[in-house]
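All remarks here apply to the structure that follows.
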Amino acid sequence: MGRPTGFLEFPREGPEPRSPLERVKDWEESHPEVPEELLRRQGARCMDCGTPFCHTGKLIAGMASGCPVNNLIPDWNDLVYRGQWREAAVRLHQTNNFPEFTGRVCPAPCEGSCTLAINDDAVTIKAIECAIVDRAFDEGWVSPEPPATRTGKRVAVVGSGPAGLACAAQLNKAGHTVTVFERADRVGGLLVYGIPNMKLDKKLVERRVRLLANAGIRFVTGVEVGRDVPSESLLADYDAAVLCIGATVARDLPVEGRELAGIHLAMEFLHASTRSLLDSGHADGRFISAKGKNVVVIGGGDTGTDCVGTALRHGAANVVQLEILARPPDRRAPDNPWPQWPKLYRLDYGQEEAAALQGADPRRYSVQTKRFTGDAEGRVREVHTVGVEWRKGPEGRPQIHEVPGTEEVVPAGLVLLALGFLGPQRHGPIHDLGVRLDERGNVVTDGDKMTSVPGVFAAGDAVRGQSLVVWAIHEGRKAARGVDRHLMYGETYLP
């Protein structure tokens, strides 16, 4: 700990992003470079706690606390303070395969459980992580790491999202020959098509994928296991297989008028927009355009925010976001104590941009959608809503109740449903191989991430449900360790 009194001397100072009115004009990342001196001061704020909750990576009463990949945060905070950037990059990559992704898109549960955050502002852990890995790439410290020897074992990884990439990277380090199957035309899964470019530049994903390919991992795109190749080939042609297929079954909204044109699942909208952007800069017109339309986003979370930000960049006339939950508090509620992730009212990038353009936060809380109505051509024109309140039922569980007299009609030319996901697709390997699912529809695995089918493992959202990129990386690493133990007769050196 280089500066024991740093947390008393320096206030929290984060990077200054581009102004909302500027960044909505393009699709570039809004992650600015941070001066080194500022980063070193922020590293000095780390308290080097006796028990560093920031990297515990646990769930407390269902809420995230600390870093799921157990990043050695106090170590690299101190190294940044001392100016030892290369050593910091080594520590960072010991636990996290892709810090350039998490340093941009992770909501930073580590900061929510920072000890300093009990009565002060947390250390800027996320900004420091991003700066370390960006500097490592700029300085040429990150290079392909092929294994010294090969084991002769072959592993198939189905899905190239963060769980699949992390699993493949670890298995490759262990010397196994890894093939990754991706049904889309680009490698990266939700990192490419689930997260808009202004949040995560796809050049960064492509850069990391090139490193993995140069280290010996084989990527096969445009191939869906179970359709283009038989699911049984995972068992016949490989010594083990890992299903990292995500939780892609979206929750729909089966209310009156759902069949009207102009109502889309959020991922349809986001996927098409990003693919068209990457293919042609949107010149091909092969996307669901929000230009000039009154856009209604139903649902919150990261996906809802991404829909807001994307619609604004299309040139939407107006954006409204409807949330069925109540507005979060400005301060921690008694039932949300430190070190849990704080459920607070905050403006994410999309809402901040909408507020700058429209004059107010686009979100309307405690609102339930009752039905859609359309025009003579069958296109959506209105969303009918009612206000709701949440009350505890007989068993103590919150129950929703409509509030009389709160009916409203919201104009809509485009409706985007960002209501979360129900689990992995049932067809394909899950059905063909007879993989067992739990009552929520997620894949059942043991402590080594093996499914009910011997030699078939699973990781990521397919197992834990819709979650964060950092949890997916954690899951992928854990599955790789389980596969390695399975193939190497109970032994593994993977962390």
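Name the residues in segment 98-115 that are open to solvent by less than 10 Å² (accessible area, probe 1.4 Å) and not charged (D, E, K, R), would you?
Answer for segment 98-115, where residues must be open to solvent by less than 10 Å² (accessible area, probe 1.4 Å) and not charged (D, E, K, R): Phe98, Pro99, Phe101, Thr102, Gly103, Ala108, Pro109, Gly112, Ser113.
Quick check on my filter: what residues within segment 113-133 are in contact with a Gly (Cβ under 8 Å, 6 or more places away or on another chain) and of a type outside the set (A, V, I, L, M, F, W, C)?
Residues satisfying the conditions are Ser113, Thr124, Lys126, Glu129.
Which of the following residues is open to solvent by less than 40 Å² (accessible area, probe 1.4 Å) and assigned to a loop (DSSP other than H, G, I, E, B): Gln321, Gln340?
Values: Gln321 fails: assigned to a loop (DSSP other than H, G, I, E, B).
Unique residue meeting the criteria: Gln340.
Would you be able to tell me the number of residues in segment 117-132 that are of a type in the set (A, V, I, L, M), closer than 17 Å to Leu38 by Cβ and either open to solvent by less than 20 Å² (accessible area, probe 1.4 Å) or out of contact with any Pro (no Cβ under 6 Å at 6 or more places or on another chain) (or both)?
The total comes to 6.
So is Glu87 surrounded by fewer than 23 Cβ atoms within 10 Å (Cβ to Cβ) and either in contact with a Phe, Trp or Tyr (Cβ under 9 Å, 6 or more places away or on another chain) or of a type in the set (Lys, Arg) (or both) or not?
Yes, satisfied.
Of the residues Val242, Val296, which is assigned to a strand (DSSP E or B) and either basic (Lys, Arg) or within 21 Å of the chain's Cα centre (by Cα) (or both)?
Val242
Could you check, for segment 354-371, whether at least one of its residues is free of Cβ contacts under 8 Å to residues at least 60 places away in the same chain, on the phi > 0 side of the Ramachandran plot, buried (at least 17 other Cβ atoms within 10 Å of the Cβ) and hydroxyl-bearing (Ser, Thr, Tyr)?
Within segment 354-371, one or more residues are free of Cβ contacts under 8 Å to residues at least 60 places away in the same chain, on the phi > 0 side of the Ramachandran plot, buried (at least 17 other Cβ atoms within 10 Å of the Cβ) and hydroxyl-bearing (Ser, Thr, Tyr).
How many residues does segment 245-262 hold that are outside any loop (DSSP other than H, G, I, E, B), farther than 30 Å from Thr221 by Cβ and open to solvent by less than 50 Å² (accessible area, probe 1.4 Å)?
Count: 1.
Taking the condition of being of a type outside the set (Val, Ile, Thr), surrounded by fewer than 24 Cβ atoms within 10 Å (Cβ to Cβ) and farther than 12 Å from Leu243 by Cβ, how many residues in segment 403-425 meet it?
Step one: filter segment 403-425 for residues of a type outside the set (Val, Ile, Thr), giving 404-405, 407-408, 411-414, 416-425.
If we keep only those that are surrounded by fewer than 24 Cβ atoms within 10 Å (Cβ to Cβ) too, we end up with 404-405, 407-408, 411, 413, 419-423, 425.
Within this subset, residues satisfying the condition of being farther than 12 Å from Leu243 by Cβ are 404-405, 407-408, 411, 413, 419-423.
Adding up the residues that qualify gives 11.
Please note which helices (runs of 4 or more DSSP H) are completely contained in segment 110-203 and include at least 1 residues that are over 26 Å from Leu265 (Cβ atoms).
On the way: elements: 125-138, 162-173, 190-193.
So the answer is 125-138, 162-173.
Quick one: Glu491 ticks every box in (1) in a loop (DSSP other than H, G, I, E, B); (2) open to solvent by less than 10 Å² (accessible area, probe 1.4 Å) bar one, so which box is it?
Exception for Glu491: condition (2).
The values are calculated or read from the model by the stated rules, or taken from the named source; none is laboratory data. Since we're looking at a predicted model, the values are computed, not measured. Note: ideal-geometry Cβ built from the backbone for every residue, glycine included; neighbour counts use all protein chains shown. Ligands, DNA and RNA are stripped out before the accessible areas are found, and what is left, the full protein with its side chains, is counted by its heavy atoms. Shrake-Rupley method; radii C 1.70, N 1.55, O 1.52, S 1.80 Å.
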